[in-house]
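K.L.:
Below is one structure. I have some questions about it.
Derivation of every value follows stated rules applied to the coordinates shown; laboratory data play no part. If you're wondering where the values come from, they're calculated on a predicted model, not measured in any experiment. Positions of Cβ are backbone-derived with ideal geometry, glycine not excepted, and every protein chain shown enters the neighbour counts.
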Amino acid sequence: IRDMYWSKTNFEAVESLKSTAAKHGFTLLEATLRWMRHHSTLEAKDGIIMGSSTVDQLRECLIALDKGPLPEEMIKAFDEAWEHVKASTEWYFRDPPPAAAKEE
């Protein structure tokens with residue numbers, strides 16, 4: 001499993017996202033939660049499952065989820081990070097990827 005994620009390409013993408021998030025005054029965790037809530041394909045009826053080790057961690061997540069959409073630069077950074085890693089990313093689900101995903 002480690003080989004799937006522990007790569008130079010993935011770390012480059014994460015560092016780029018962290019840098020862009022810092023420019024806007026928030027953490028990568030906050031940016032990620034806000035992206036999932038406001039910019040992903042999740043719908044209002046969908047949920048986000050979070051884990052935390054402390055009440056403070058849970059509070060940080062809930063506060064981030066209450067914030068609004070991300071600035072355009074951060075959205076673009078997520079798109080660029082995906083473009084950077086997608087060629088080396090394995091399909092996660094058990095079923096084969098949809099045809100549209102293969103063509104991207």
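K.L.:
Once amide H atoms are built 1.01 Å from N in the peptide plane, which residues 5 or more positions from Ser7, or in another chain, come under 5 Å H to H?
P.N.:
Amide H to amide H, under 5 Å and 5 or more residues apart or across chains, Ser7 pairs with nothing.
K.L.:
For Lys45, which lysines qualify as cross-link partners when the Cα separation must be under 25 Å and same-chain residues fewer than eight apart are set aside?
P.N.:
Candidates past the 8-residue exclusion: Lys67.
K.L.:
Reachable lysines from Lys86, Cα under 17 Å, same-chain residues fewer than 8 places away excluded?
P.N.:
Reachable lysines: Lys8, Lys76, Lys102.
K.L.:
With each pseudo-label sitting 7 Å past Cα toward Cβ, what's the Glu15-Glu73 distance in nm, one decimal?
P.N.:
According to this spin-label approximation, the distance is 2.0 nm.
K.L.:
To the nearest 20 debye, what charge dipole does segment 24-97 have about its Cα centre, counting +1 at the Cβ of each Lys and Arg and -1 at the Cβ of each Asp and Glu?
P.N.:
The dipole magnitude comes to about 180 debye.
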